[in-house]
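Take a look at the structure below.
FYI, it's all coordinate maths here, none of it is from the lab. Computed from a prediction, not measured in an experiment: that's the story for all the values here. As a convention, Cβ positions derive from the backbone with ideal geometry for all residues, glycine included, and neighbour counts pool all protein chains shown.
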Amino acid sequence: MLRLKLPTDPRWVTIVEENIPEILTDHAWCEQKAATNAISLTVNFPEYIDLVKAMLELAQEELEHFKMVHDIIIKRNFKLGFERKDSYVNELYGFVRKGHQRHIVLVDRLLFSAMIEARSCERFKVLSENIKDKELSAFYYELMISEAGHYTMFLKLAKQYAAGLDVDKRWQEFLDFEATVIAKYGNKETIHG
């Protein structure tokens with residue numbers, strides 16, 4: 001379904017298991033950034049009614065996910081660390097076309113968002129299937145399902161607002177580019193690292 005070109009090596013989970021507080025902090029901030037992205041899309045493209053409705057709901061859901069991760073952090077007597085830079089996301093964002101007609105920029109922003117959701121979904125699946133911690137396994141399984149829904153929503157919106165653009169072709173370009181980016185990662189206890 002996700003059509004990602006380069007799957008995550010399950011051995012990444014071993015790295016994650018060595019520093020659970022770090023993966024939880026990184027994950028919490030990923031959820032915050034996802035909420036911020038949804039708000040940013042609303043602010044930058046307010047004329048698209050369906051988009052605004054979807055993004056407002058998504059921002060609320062992503063903040064709820066942030067709270068869920070934070071609750072696990074507190075329950076385990078960890079502390080939420082400071083926000084982390086996400087080099088993977090920053091590299092992907094560089095692929096988004098800027099300075100074009102609004103609908104082209106919007107489609108790219110939606111595909112960029114879909115890509116992050118797809119990779120997060122895939123990482124959550126790997127975690128749910130391989131982490132020894134039963135609570136986190138169940139938690140990441142639930143979030144995997146949620147991320148899959150976000151991924152498909154962003155693709156659907158991209159097609160809705162395409163205005164003649166070949167979204168499937170551009171999505172393929174994103175998939176190809178993402179494979180070159182993710183190949184550099186997978187060796188840190190972060191969601192995209």
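First obtain the Kirkwood hydrodynamic radius of the range 12-182 from its Cα pairs, then insert it into the Stokes-Einstein equation at 20 °C and 1.002 mPa s, and state the resulting D in µm² per second as a whole number. Roughly 128 µm²/s, to the nearest whole number.
So how strong a dipole does the chain carry about its Cα centre when Lys and Arg Cβ are +1 and Asp and Glu Cβ are -1, to the nearest 20 debye? Provide the component values of the computation, followed by the final result.
On the way: 26 positive and 30 negative charges, 70 e Å.
Taking the Cα centre of the chain as origin, the dipole is about 340 debye.
Seen from a random direction on average, the alpha-carbon convex hull of the range 81-193 projects onto 7.9 square nanometres.
Which of the chymotrypsin sites (Phe, Trp or Tyr not before Pro) found in the range 27-129 are in a DSSP loop and have at most 10 neighbouring Cβ atoms, other than their own, within 10 Å? Answer in residue order: Phe82. Of the GluC sites (Glu not before Pro) found in the range 74-132, those that fall in a DSSP loop while having at most 16 other beta-carbon atoms within 10 Å are Glu83.
Say the cut-off is 23 Å between C-alpha atoms; which of Lys33/Lys53; Lys125/Lys188; Lys85/Lys184; Lys33/Lys98; Lys53/Lys156 go over it? Walk me through the numbers before you get to the answer.
Working: Lys33/Lys53 18 Å; Lys125/Lys188 17 Å; Lys85/Lys184 15 Å; Lys33/Lys98 20 Å; Lys53/Lys156 14 Å.
The pairs that break the limit, which is 23 Å between Cα atoms, do not exist here.
A cut-off under 11 angstrom between Cβ atoms defines the neighbours of Glu173, and their net charge, with Lys, Arg +1 and Asp, Glu -1, is -2.
Sequence-ordered 3J(HN,Hα) estimates for the range 2-18 from the Karplus curve with 6.51, -1.76 and 1.60 and θ = phi - 60° stand at 6, 6, 5, 7, 10, x, 6, 5, x, 5, 4, 4, 4, 5, 4, 5, 6 Hz, glycine and proline given as x.
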